[in-house]
1. As a footprinting exposure proxy, order 80, 51 by other Cβ within 10 Å, with the fewest listed first.
2. Can you put 117, 221 in order of Cβ neighbours within 10 angstrom, beginning with the fewest?
3. In Å³ and rounded to a whole number, note down the convex hull volume per residue for the Cα atoms of the stretch 30-80.
4. Using alpha carbon centroids, what distance separates the stretch 139-155 and the stretch 62-113, in Å?
5. Hey, fewest Cβ within 10 Å first, where do 18, 171 land in order?
6. Could you state the angle between the C-alpha long axis of helix 55-64 and the longest principal axis of the C-alpha atoms of the chain, as a value from 0 to 90 degrees rounded to the nearest 10?
7. Can you give the calculated 222 nm mean residue ellipticity of the chain, where each DSSP H run of n ≥ 4 adds -39,500 (n - 2.57) and the sum is split over every residue, rounded to the nearest 500 deg cm²/dmol?
8. For the chain, what is the convex hull volume of the alpha-carbon atoms per residue, in Å³?
């Protein structure tokens, strides 16, 4: 459903240690590819939560790969109103979706952090800009996206401002991801209709304005 989520997840988790057996929320899990990766490669117990995917279809996908509901459990959930007990998860992983609901500075503290145990980590990666250019959007980016769509994409400074106002966390890292070009290239090779549309921006040089940003925080209290 976007630039290679497995490679993004692998790089994201290379900067942090989540013990095998931990209960992890895969927030905005989409069709469940990241959830499978977290369960198989890291031995994590995963709740795959997504607003737009069908949990029944995802469960069939997981079962076809030999995974049980004790390893990956799909659920239909809105990131703005998560249906879990406070302190339920050891960690949260959110790949290529946080920018849709987390741009409100109060979101992390009020809507997500309460569901993570003290000492637990939240690992986020979002598509970003190398430098915010919303006041003068390049024609290359507008070849594929409207200004309204591009408003979901910002630079690392923007995200540091959003995250740093959150009480009860420590920012472990916030940086540009190395796999940026590779994951975009993988995406553009797909015949997905959105990927085909995105090719126009990259053909016009839009890739020079874009990146992926990694954000890792720990709950401290």
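1. Listed from fewest to most nearby Cβ atoms, that is 80, 51.
2. Placing the least packed residue first, the sequence is 221, 117.
3. Convex hull volume per residue, Cα atoms: 65 Å³.
4. The two parts, judged by their Cα centres, are 26 Å apart.
5. The fewest-first ordering by Cβ neighbours comes to 171, 18.
6. For 55-64 against the chain, the angle is about 80 degrees.
7. Rounded to the nearest 500, it is -8500 deg cm²/dmol.
8. Enclosed volume per residue, from the Cα hull, is 114 Å³.
Quick note: the coordinates plus some simple rules give every number you see, no bench work behind them. This is a predicted model, so every value here is computed, not measured. Ideal geometry is used to build each Cβ from the backbone, glycine not excepted, and the neighbour counts take in all protein chains shown.
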